Amino acid sequence: MQHFDWVMLLMLLLVGGMALTNLYSSTHIADTGASSLFYKQLLFFGVGLGLILVVLTLEYQKIARLGYVLYGVILVLLTYTLLFVKAIAGSQRWIDLGFFNLQPSEPAKLALILVLASCYANTDVPGGYRLRDLIKPVILTALPFVLIMLQPDLGTALICAIIFVSMTLFVRLRWGTLAILSGSGLACIFIGWKFLLKEYQRKRIETFLDPEGDPMNHGYQIMQSKIAVGSGKVFGKGFLEGTQGHLHFLPERHTDFAFAVWAEEWGFAGSLFFLSCYFFMLLWGINIAMSAKDKFGAILAFGCTMLIFWQAVINLFMIMGFLPVVGVPLPMFSYGGSSLLTNMVAVGILMNVRMRSFPTSTPDGV
């Protein structure tokens, strides 16, 4: 495999191994050992590795041609969830496929990256983008954003918006355009708070500002997460020895708050090792974007890196109490098949761009 990206694969396997170890612990059953959730995630991880191999056999320019097709399919699936899917805990997010519950909002983020990268790469705007140049990218972002907000899923919708902002800044805006967009963004935040957010979403933000004000209800998650992280101290309590997770004080310990379990059991030292591996992988992604052989490859690699980066930052800050709880999983670490497969395909695209950044790379496969 000429120019195969062994560095990214190594980082992926390290992060995936720690994620599976953590999931085993957080869902451990005293009498039987590993839970069914662990085996499902292990299967998803194996499928994800297979998808990476598939992605690597295609030129990433060919993947771009499939971007609008995937984007259209995702919009149809998002619309389907709103019209026909039964609400679970007040949200319409999952389509039951029998063997797998598909959450269309997860691959929607990757589809958005593909179409935005294609859009920006095919537009040549000397001096930077003006407002009228952003009409198409804004529409492409607004469609999945609105459909995801209606589910409602504030966290995933925000990730779509942040991806748009990150990729747009990467391709360069004019200062006047940036000033207008910044003012519009502040206005949208005010309007969203007053008219668009549901009561429980506003309550989450209020709880973030004062978690002790409602310690037995909305502030419970944040407080228990901070206790778990802090109680790990330097070297942690040990594998399967975390009390906050195993005694069920910590809610969502295998999904949104999975890293709190890791921090409790492995401590500061284990957390530092995990974060070092994780963010080295992201720095490697930035390096791939900077060394891409063409504009489309650079924008695509940057978008995939930002997808993982912003989800990780929001999740980790949420766990430590620096951000409100918005339901954003830690990529490739939190339990969830749709999220895991989406982020592993993003890693596969990064590896694809890296492999084809060299002039001697073979054009048709690995």
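Computed values, structure above
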| quantity | calculated |
| --- | --- |
| Residue tally, condition assigned to a helix (DSSP H, G or I) and surrounded by fewer than 18 Cβ atoms within 10 Å (Cβ to Cβ), over the range 231-267 | 2 |
| Within the range 280-300, considering residues that are open to solvent by 60 Å² or more (accessible area, probe 1.4 Å) and in contact (Cβ under 8 Å) with a residue 12 or more places away in the chain, the one farthest from the chain's Cα centre (by Cα) | Lys293 |
| Members of the range 91-121 found to be in contact (Cβ under 8 Å) with a residue 12 or more places away in the chain, assigned to a loop (DSSP other than H, G, I, E, B) and open to solvent by 10 Å² or more (accessible area, probe 1.4 Å), listed by number | Gln92, Arg93, Trp94, Phe100, Gln103 |
| Residue in the range 68-90 that is within 25 Å of Ala19 (Cβ to Cβ) and modelled with pLDDT under 95 present | yes |
| Test set (1) under 18 Å from Leu110 (Cα atoms); (2) open to solvent by 60 Å² or more (accessible area, probe 1.4 Å); (3) among the β-branched types (Val, Ile, Thr) - Thr79 fails condition number | (2) |
| Odd one out for Leu131, checked against (1) more than 25 Å from Phe309 (Cα to Cα); (2) of a type in the set (A, V, I, L, M); (3) modelled with pLDDT of 90 or more; (4) open to solvent by 70 Å² or more (accessible area, probe 1.4 Å) | (3) |
| Contacts under 6 angstrom Cβ, first residue in the range 154-175 being over 16 Å from Cys188 (Cα atoms), partner among the small types (Gly, Ala, Ser) and in a helix (DSSP H, G or I), 6 or more apart | Thr156/Ser105; Met167/Gly303 |
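The values are calculated or read from the model by the stated rules, or taken from the named source; none is laboratory data. Just so it is clear, the structure is predicted and the values come from calculations on it, not from any experiment. Positions of Cβ are backbone-derived with ideal geometry, glycine not excepted, and every protein chain shown enters the neighbour counts. For accessibility, only protein heavy atoms count, side chains too; no ligands or nucleic acids. Shrake-Rupley method; radii C 1.70, N 1.55, O 1.52, S 1.80 Å.
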